[in-house]
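Q: Have a look at this one.
The values are calculated or read from the model by the stated rules, or taken from the named source; none is laboratory data. Note that the structure is predicted; figures quoted are calculated from it, not measured. Using ideal geometry, Cβ is built from the backbone for each residue, glycine included, and neighbour counts are taken over all protein chains shown. For accessibility, only protein heavy atoms count, side chains too; no ligands or nucleic acids. Shrake-Rupley method; radii C 1.70, N 1.55, O 1.52, S 1.80 Å.
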Amino acid sequence: QVQLVESGGGLVQAGGSLRLSCAASGRTFNSYAMGWFRQAPGKEREFVATISRGGSAVYVDSVKGRFTISRDNAKNTLYLQMNSLTPEDTAVYYCAAARYGSTSYSPSYEYWGQGTQVTVSS
């Protein structure tokens, strides 16, 4: 069992930055690939970024060059550094853990956090 708790969301102006954190319980964090997803009002949840157990990262095209996913296995923590934010980035952001490898396919993620709200004003 893995419990995930996101933090770091908030209100920021367009062009600003935020860093999201996802703290994982348990001693098996480094056994999981991790991902960030987001869901805007009235829209389906979408993939943002994923990082493998070894640290390889993949991003959705809309955030490439602006967002950076990273993990600190010693701290059992996943991060998402978000720069050059736009109003289109407004959403609830979720972290998730996948046992069988990094993927953009959300059903492959076994554990999910409760989400943290990110609001970008224009």
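Q: Could you give the alpha-carbon Rg of the chain over 2.2 N^0.38 Å, rounded to two decimals?
A: That ratio works out to 0.97.
Q: Compare the Cα positions of Gly65, Gln39, Gly26 along the charge dipole of segment 5-78 (+1 at Cβ of Lys, Arg; -1 at Cβ of Asp, Glu; about the Cα centre) and return the one farthest towards the positive end.
A: It is Gly26, whose Cα lies furthest towards the positive end.
Q: Still on this model: What nm distance separates the two modelled labels at Asn30 and Lys43, each placed 7 Å from Cα along Cα→Cβ?
A: It works out to 3.6 nm between the two label points.
Q: What FRET efficiency do you get for Gln1 and Gln117 if R0 is 25 Å and r is their Cβ-Cβ distance, rounded to the nearest 0.05?
A: Once the sixth-power term is evaluated, E becomes 0.45.
Q: If you roll a 1.4 Å probe over the chain with all protein chains in place, what percent of the accessible area is carbon or sulfur?
A: Reported share for carbon and sulfur atoms: 46 percent.
Q: With springs connecting C-alpha atoms under 10 Å apart, model the chain as a Gaussian network and identify which of Thr103, Thr50, Thr28 has the largest mean-square fluctuation.
A: Judging by the Gaussian network model, the answer is Thr28.
Q: What FRET efficiency comes out for Arg66 versus Tyr105 if R0 is 22 angstrom and r is the Cβ-Cβ distance? Round to the nearest 0.05.
A: It comes to 0.45.
Q: Rank-order 7-18, 86-97 by packing density, defined as the average count of other C-beta atoms within 10 Å over each peptide's residues, highest first.
A: Numbers: 7-18: 14.1, 86-97: 19.8.
The densest-packed peptide leads the list: 86-97, 7-18.
Q: Lys and Arg at +1, Asp and Glu at -1: add these up for the other residues within a Cβ distance under 14 Å of Ala23 and post the number.
A: +2
Q: What does the accessible area per residue of the chain come to in Å², with a 1.4 Å probe and no ligands, DNA or RNA counted?
A: Solvent-accessible surface per residue comes out at 51 Å².
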